[in-house]
Each structure stands twice: as C-alpha cells, then as structure tokens.
1. For the condition modelled with pLDDT under 95 and not charged (D, E, K, R), what is the one hit in Thr118, Thr77?
2. I'd like the full set of residues that are under 20 Å from Met47 (Cα atoms) and either crowded, with 20+ Cβ neighbours inside 10 Å or touching a strand residue (DSSP E or B) at 6+ places or on another chain (Cβ under 7 Å) (or both), limited to the stretch 65-75.
3. Out of the residues in the stretch 15-32 meeting the condition of being outside any helix (DSSP H, G or I) and at pLDDT 95 or above, tell me which one is farthest from Ser58 (Cα to Cα).
4. Give me a count of the residues in the stretch 133-173 that are farther than 24 Å from Arg68 by Cβ and either charged (D, E, K, R) or not in a loop (DSSP other than H, G, I, E, B) (or both).
5. Based on this model, can you work out whether Arg129 counts as of a type outside the set (Gly, Ala, Ser), in contact with an Asp or Glu (Cβ under 7 Å, 6 or more places away or on another chain) and at negative phi?
6. With the checklist (1) more than 14 Å from the chain's Cα centre (by Cα); (2) free of Cβ contacts under 8 Å to residues at least 24 places away in the same chain; (3) at negative phi in hand, flag the one item Leu160 doesn't pass.
7. Which condition number does Ala109 fail, the rest of (1) in contact with a Leu (Cβ under 9 Å, 6 or more places away or on another chain); (2) open to solvent by 20 Å² or more (accessible area, probe 1.4 Å) being met?
8. Would you confirm, using the coordinates I've provided, whether Ala91 is touching a strand residue (DSSP E or B) at 6+ places or on another chain (Cβ under 8 Å) and surrounded by 16 or more Cβ atoms within 10 Å (Cβ to Cβ)?
Amino acid sequence: MSSHVRILGIAGSLRRGSYNQAALRAAKLLAPKNSEIDIFQLDGIPMFSEDDEKSPPSSVVEMKKRIRRADAVLIATPEYNYSIPGILKNAIDWASRPHGENAWSGKSAAIMGASLGTIGTARAQYHLRQIFVTLNLLTLNQPEVMIADAAHRFDAEGNLVHEPTRQLIQEMLKNLVDWTCRISPVPASEVTS
C-alpha cells in the first residue's frame, strides 16, 4: 500500500444541519497530511431489495466503487432508538450484497458520532461495531469519538469549535491512517526478495 491513505467518509444522517455531517466536514479538515477524506452522501440510495441486488441502481454502483477505491472508511453515525439510523443500515446492506461481493470486506474503519445527548451515540457505535464484525471491517478501537452535547461543540454554521473534540478527531484519524498502513497488504510490486 502507498503511504497516502484514502478514507471514505459516510454520515448516517440526511438532515440538513446534521452534526454528523458537520463532524465529517471537520474530519476532512483535520486529516493527516498523508491522507484524504472523500465524503459520500447517502441521500440517493434507494431501499434495499434482494430482487434488485444483482442489478443495483447507479447510486449503489457508485457507492460500492467508492468504497472499493478507499483504503479505509470513516462512519459518523447518529443514534436512533439505541441503534444506527435506517439509512445507514440500508447502505451497509447494499454494499455487502450480493453474497460474495461485499465491498466492505478487509477495509479498516473508524466510527464517530455526535448527538445532543450526554452519551454521544455510544449505543449506536457499539451496535455498528457488531455489524462490522460480520462484514469483515477491521475497526479501530481507540480513541472512541462520541461527541456529546453537540449543540455546544459546533457553531451555527456547523463548524466544530470545541478544541478537545478537534484534538480527539485528529488523534483518531492519525490512528486510523497508522492502522490502515499496518494491516494493509504490501502490493506485490513493492515486495523484494
């Protein structure tokens, strides 16, 4: 793998003014120099149906292409009813199907989330980690980025203004890049005998 790490960022929220979308934008600005974050929006992904999995819509084809092109993924998830939003689960399912064509498999991943509450999407993140196991996503363990009290961490324009949170995201991204470089296979052209 080259020393430049491509990260695909996906937010599990469609809401205008979403704190999770804002967290991804902040991450894009805070990414280490040897990395880049490309953000994919889920608003064009239709509901999954097994009837369509062998001929998916163009938005799903594009999403799977971008996942495969990335070295790592960064998911920013809100918490809905102690779990991840349906739109995020729907996208995860599309990208893992049909059987044998799991675009997520073998990717390194990091999770973060923002909420108005005090636990900062902890339950949703732990649920997402469970889902990642079956998808063979290799999830970074630390640091955990759970942005509580999000209304006071972002300004009215959606800029992350809370310095400790900025530092935590920077640390997570540095660890994700290091983790990705550590677990990714070296291309055959770089192996010497």
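1. Numbers: Thr77 fails: modelled with pLDDT under 95.
Going through Thr118, Thr77 in turn, the sole match is Thr118.
2. If we filter the stretch 65-75 for residues that are under 20 Å from Met47 (Cα atoms), which is where we start, we get 65-67, 75.
Hits for the stretch 65-75 are Arg66, Ile67, Ile75.
3. Initial filter on the stretch 15-32 (outside any helix (DSSP H, G or I)): 15-18, 31-32.
Narrowing the set further to residues that are at pLDDT 95 or above leaves 18, 31-32.
On the way: Ser18: 25, Ala31: 29, Pro32: 32 Å.
Taking the candidates together, the pick is Pro32.
4. Looking only at that region, the number is 22.
5. Details: of a type outside the set (Gly, Ala, Ser): yes; in contact with an Asp or Glu (Cβ under 7 Å, 6 or more places away or on another chain): no; at negative phi: yes.
Criteria not met by Arg129.
6. For Leu160, the failing item is (2).
7. Going through (1) in contact with a Leu (Cβ under 9 Å, 6 or more places away or on another chain); (2) open to solvent by 20 Å² or more (accessible area, probe 1.4 Å) one by one, Ala109 breaks only (2).
8. On the way: touching a strand residue (DSSP E or B) at 6+ places or on another chain (Cβ under 8 Å): yes; surrounded by 16 or more Cβ atoms within 10 Å (Cβ to Cβ): yes.
Here the answer is yes, as Ala91 does meet what is asked.
The values are calculated or read from the model by the stated rules, or taken from the named source; none is laboratory data. Because the structure is predicted, anything quoted here is derived from the model rather than measured. All Cβ positions, glycine included, derive from the backbone under ideal geometry; neighbour counts span all protein chains shown. When the accessible area is computed, the model is the full protein with side chains, heavy atoms only, and any ligands, DNA or RNA have been set aside. Shrake-Rupley method; radii C 1.70, N 1.55, O 1.52, S 1.80 Å.
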